[in-house]
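Structure record follows, encoded as structure tokens.
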Amino acid sequence: MKDLKLAESEYRFMKVVWENQPLTSAGLVRLCADSMGWKKSTTYTVLKRLGEKEMVKNENSNIIPLVTEKEVQLYESNTVVDRSFGGSLPGFIAAFMDGKKLSKEDADRIRKMIEDFEE
């Protein structure tokens, strides 16, 4: 699997790209200034870095995401489960749910998801 690890600022940048595509580089600069207070140079630095990581492409001033938000979320969640819980999904869920309560609707949705993924 491709390394899709993003720093927090890179993830926020990618959220801007995902949520506003199609997008020009000038539009991206404006959005990053408005939403994150970034200067033009900061936006272009992050754009270049994520281009080198093959996350986005700047083609004729059009910004094209090369990975989806879902792909990054899947990578990040798998990384957390593997690193912090030895790959144990039940261990992750137990830690995540510690002290929390689920509504009946959420519990039903989770049961349905488990049934759909069961072998």
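A short reminder: the numbers here are calculations on the coordinates, not readings from a lab. Please read all numbers here as calculations on a predicted model, not as lab measurements. Cβ placement follows ideal geometry from the backbone for every residue including glycine, while neighbour counts extend to all protein chains displayed.
Pick out, from ALA26, SER9, ALA94, the residue whose Cα sits farthest towards the positive end of the charge dipole of the chain, with +1 on the Cβ of Lys and Arg and -1 on the Cβ of Asp and Glu.
It is ALA26.
So for segment 44-119, taking the charge dipole from beta-carbon charges (+1 Lys/Arg, -1 Asp/Glu), which of ASN78, LEU47, VAL67 sits furthest toward the positive end?
Looking along the dipole axis, the top candidate is LEU47.
Using 1/(1 + (r/R0)^6) with R0 = 22 angstrom and r between the beta carbons of GLU8 and ASN62, what's the FRET efficiency to the nearest 0.05?
0.30
With 10 angstrom as the radius, rank GLU54, GLU118 by how many other C-beta atoms surround their C-beta, starting from the fewest.
Ordered by Cβ neighbours within 10 Å, fewest first: GLU118, GLU54.
In debye, nearest 20, what is the charge dipole magnitude of segment 8-69 about its Cα centre with +1 on Lys and Arg Cβ and -1 on Asp and Glu Cβ, if you could check?
240 debye
Each residue of segment 98-107 in turn: what ³J(HN,Hα) in whole Hz from Karplus with 6.51, -1.76, 1.60 and θ = phi - 60°, glycine and Pro shown as x?
3, x, 9, 10, 9, 6, 4, 5, 5, 4
If I compute Rg and Dmax of the Cα atoms in Å from the structure I just sent, which labelled value in [x] 12.9, 34; [y] 18.2, 51; [z] 13.8, 44 lines up?
[y]
Give LYS5/LYS48; LYS70/LYS101; LYS15/LYS70 a once-over and call out the pairs whose C-alpha atoms are over 18 Å from each other.
From the list (LYS5/LYS48; LYS70/LYS101; LYS15/LYS70), the Cα-Cα distance tops 18 Å for LYS70/LYS101.
I need the calculated FRET efficiency for the pair VAL80 and GLU118, taking r as the beta carbon distance and R₀ as 30 Å, to the nearest 0.05.
For VAL80 and GLU118, the calculated efficiency is 0.85.
Per the helix-only calculation at 222 nm, which mean residue ellipticity applies to the chain, given -39500 (n - 2.57) for every DSSP H run of n ≥ 4 and division by its residues, nearest 500 deg cm²/dmol?
Only helices count here, giving -21000 deg cm²/dmol.
Mind running the shape call on segment 8-69? Use the C-alpha gyration tensor, a ≥ b ≥ c as the square roots of the eigenvalues: rounded below 1.5 for a/c, prolate if a/b tops b/c, oblate otherwise.
Here segment 8-69 falls in the rounded category.
Under unit Cβ charges (Lys, Arg +1; Asp, Glu -1), what dipole magnitude, rounded to 20 debye, does the chain have relative to its Cα centre?
The calculation lands at about 600 debye.
Using Cβ contacts closer than 10 Å as the measure, can you line up GLU69, GLU8 from fewest to most?
GLU8, GLU69
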